[in-house]
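Notes to accompany the following structure.
The values are calculated or read from the model by the stated rules, or taken from the named source; none is laboratory data. Keep in mind that what you see is a predicted model, and the values were worked out from it rather than measured. Glycine gets a Cβ as well: all are built from the backbone with ideal geometry, and neighbour counts include every protein chain shown. Surface accessibility is based on the protein's heavy atoms, side chains included, excluding ligands, DNA and RNA. Shrake-Rupley method; radii C 1.70, N 1.55, O 1.52, S 1.80 Å.
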Amino acid sequence: MVHTSTSCSQSQQDALDSIRTQFTISEDTLLDIAKTFLREAAEGLASYGQSMAMMYVLIVVANQAHTNIPQPDVRKTGSTFLALDLGGTNLRVCEVTLHGDKTFSLRQQKYKVSEALKTGEVIALFDYLADSVDTFLTDSGSPSNAIPPSLAPNGSHDAFLRDNSDLSYIPLALTFSFPVEQTALDSGTLLTWTKGFSAKNAIGKDIVKLLQDAFDRKHIHVRCVALVNDTVGALLSRAYTSGGCILGAIFGTGTNGAYVEEVANITKLGNVPEAVEGGYMIVNTEWGAFNNTRSALPTTPYDNKLDRESINPRYQAFEKFISGMYLGEVARNVILSFIDASPKPLLFGGNSAPSLNKQWGLDTAVLSEIEEAWQGIGRFASGQPSIAGASDEEKLNHVRDVIVQRLGFTDPCQISLADADVVRQICGIVVTRAARLSSCAVAAILVQTGRARCAGSVEIAPLVDEGKRIGVGVDGSLVEFYPRFESMMRETLRALVGLEVEGRVDIGMAKDGSGAGAALCALVAHKQNMAKQAHGAYSHDSITGPPQLRSVENYAYLTSMS
């Protein structure tokens with residue numbers, strides 16, 4: 001018989017109170033975390049080899065009064081490019097058409113990346129990437145796999161190249177969501193793998209060359225003209241669709257941010273031409289590695305267990321606190337501690353389920369679904385009473401159904417409504433901490449760029465773009481799908497930078513940053529190539545493609561709203 005009491009027992013409540021205490025972060029601590037973030041960012045801007053790499057990507061504008069990326073100027077409508085997106089469980093191949101009016105259209109296909117490819121030889125992984133692009137260009141099996149009109153074979157390559165008679169290849173931008181030291185728009189060395197990847201013989205290699213070599217081995221007439229981090233893509237995509245952006249941030253399987261920084265602050269550039277020219281650069285922070293020492297992040301035993309059992313212990317500390325790849329595992333560890341509690345179990349009568357007994361068995365998507373069930377939204381909204389009208393018992397019945405279905409319990413009678421409430425609260429506590437910590441990164445970037453001051457600051461200098469909209473582009477399954485994630489972030493942001501600044505922060509989804517943003521970078525590379533060809537200095541046989549990033553003129557399309 002299913003237990004129907006919705007009230008937690010006193011022992012369950014005591015245990016929940018203990019968990020809440022461990023995972024709740026005070027505003028003073030959050031402020032200290034934001035300040036530590038600023039210190040580590042400054043170290044990354046000053047020298048190489050820091051955990052937060054603060055990798056400069058490309059010059060944006062020179063001698064401009066503000067550091068907001070304006071809407072990119074796509075003067076020719078119908079500019080079409082390929083984008084290849086690798087950053088997690090799936091890879092995507094996209095055809096992106098930029099219409100020049102803040103809109104774009106996209107055709108895409110996803111391909112699964114197996115564990116064998118993630119952990120095998122890097123050549124096998126990149127051969128698979130090349131094969132996937134080739135399949136996208138040639139497969140006409142179903143409507144979802146339909147050939148993009150401008151790229152379809154026998155008409156596809158030919159039609160594309162007829163429209164672009166100056167090319168002997170199809171231009172492609174690679175969105176590669178791993179730490180890379182980028183030295184040119186089409187060149188970057190892999191520093192380390194994250195997100196469960198550990199392909200062999202990849203560290204220290206040029207990612208673009210690995211992909212281009214795979215295309216060349218297979219005689220595929222595609223040229224990788226740009227290497228893009230997904231955060232940079234989110235930044236550019238949001239700038240294109242909204243009219244301006246200063247920060248692109250990913251809160252999904254992993255987490256990272258890219259923002260616009262004054263070149264004078266990137267002191268590790270030394271006296272290279274980029275530094276002499278001044279202006280601003282996009283900086284890829286690699287903030288997933290913030291505070292690897294954990295001197296500021298409030299660690300719990302559940303975080304320590306996750307880190308110890310991960311493939312990269314003591315690395316990517318911030319990511320392990322806030323990203324979708326890890327939140328389900330943190331919650332699983334807490335739930336198991338309730339099941340295994342002694343002298344008396346505190347959940348499910350001491351029974352477990354296959355998903356709970358397996359490392360990484362609890363996906364963060366389940367946490368989202370549990371919260372949707374509690375709030376009566378998503379698939380639980382149709383035909384159901386509103387959140388205001390539904391009783392706790394009705395809502396917890398939906399939560400219990402999710403637990404039974406997603407965790408693999410064979411006997412629903414093992415789960416009481418009180419158990420469902422405990423699991424719901426555990427998941428909520430874990431994600432709330434993630435949202436609040438995510439705000440620390442956003443707040444720190446606002447302070448770094450002069451658009452905000454930390455709470456309690458006595459500085460009186462005027463803020464950059466005071467009184468104006470502050471564009472922030474976000475992407476990722478966590479911020480997009482977890483109920484109220486952005487609202488929880490904003491609550492913390494108000495505490496860190498104040499109500500007035502928070503009210504001007506325009507957080508918006510970066511529409512397919514890894515696709516549209518990559519296409520914008522491909523546009524830059526294409527313009528560079530055409531300029532080189534016009535001066536007789538570009539050969540299509542050259543594997544290196546675009547030159548080192550020195551000339552601001554190469555990025556004039558970003559200055560149209562200065």
Pairing a residue in the stretch 95-123 that is over 30 Å from K200 (Cα atoms) with any residue that is assigned to a loop (DSSP other than H, G, I, E, B) and of a type in the set (S, T, N, Q), where Cβ atoms lie under 6 Å and the two sit 6 or more apart in sequence or on different chains, gives H99/T77; G100/T77
When you scan the stretch 489-503, do you find a residue that is modelled with pLDDT of 95 or more and part of a loop (DSSP other than H, G, I, E, B), even just one? yes
Step by step: first the residues of the stretch 14-29, then only those that are without any contact (Cβ under 8 Å) to a residue 12 or more places away in the chain and either open to solvent by less than 60 Å² (accessible area, probe 1.4 Å) or not in a helix (DSSP H, G or I) (or both), then the one that is farthest from I426 (Cα to Cα). Which residue is that? S26
Reported set for the stretch 367-380 where residues are under 17 Å from D392 (Cβ atoms) and either of a type in the set (F, W, Y) or open to solvent by 30 Å² or more (accessible area, probe 1.4 Å) (or both) is E372, W374, Q375, I377, F380
Among (1) at pLDDT 95 or above; (2) within 23 Å of C8 (Cα to Cα); (3) among the hydroxyl-bearing types (S, T, Y), S342 falls short only on (1)
For the stretch 452-460, check the following and say yes or no: at least one residue is closer than 27 Å to N357 by Cα and without any contact (Cβ under 8 Å) to a residue 40 or more places away in the chain. no
For the stretch 30-52 the number of residues that are touching a helix residue (DSSP H, G or I) at 6+ places or on another chain (Cβ under 7 Å) and open to solvent by less than 20 Å² (accessible area, probe 1.4 Å) is 7
Can you report the number of residues in the stretch 316-366 which are within 17 Å of N304 (Cβ to Cβ), polar (S, T, N, Q), assigned to a loop (DSSP other than H, G, I, E, B) and open to solvent by 30 Å² or more (accessible area, probe 1.4 Å)? 1
So, K195, is that one basic (K, R) and at pLDDT 90 or above or not? no
In the stretch 303-315, anything open to solvent by 10 Å² or more (accessible area, probe 1.4 Å) and among the acidic types (D, E) is listed as E309
Among the residues of the stretch 100-147, how many are in contact with a Phe, Trp or Tyr (Cβ under 8 Å, 6 or more places away or on another chain), open to solvent by less than 30 Å² (accessible area, probe 1.4 Å) and either closer than 27 Å to Y240 by Cα or modelled with pLDDT under 85 (or both)? 1
Residues of the stretch 294-312 being more than 21 Å from the chain's Cα centre (by Cα), free of Cβ contacts under 8 Å to residues at least 40 places away in the same chain and not in a helix (DSSP H, G or I), which ones? R294, T299
If you scan the stretch 414-430, which residues turn out to be under 14 Å from A373 (Cβ atoms), assigned to a helix (DSSP H, G or I) and aliphatic (A, V, I, L, M)? L417, A420, V423
State the number of residues belonging to the stretch 387-419 that are closer than 17 Å to L347 by Cα, of a type in the set (V, I, T) and open to solvent by 50 Å² or more (accessible area, probe 1.4 Å). 1
Qualifying positions in the stretch 245-273 - assigned to a loop (DSSP other than H, G, I, E, B) and of a type in the set (K, R): none
Within the stretch 280-302, the residues that are charged (D, E, K, R) and open to solvent by 40 Å² or more (accessible area, probe 1.4 Å) are none
Do we find that S477 is open to solvent by 40 Å² or more (accessible area, probe 1.4 Å) and under 23 Å from Y240 (Cα atoms) in this structure? yes
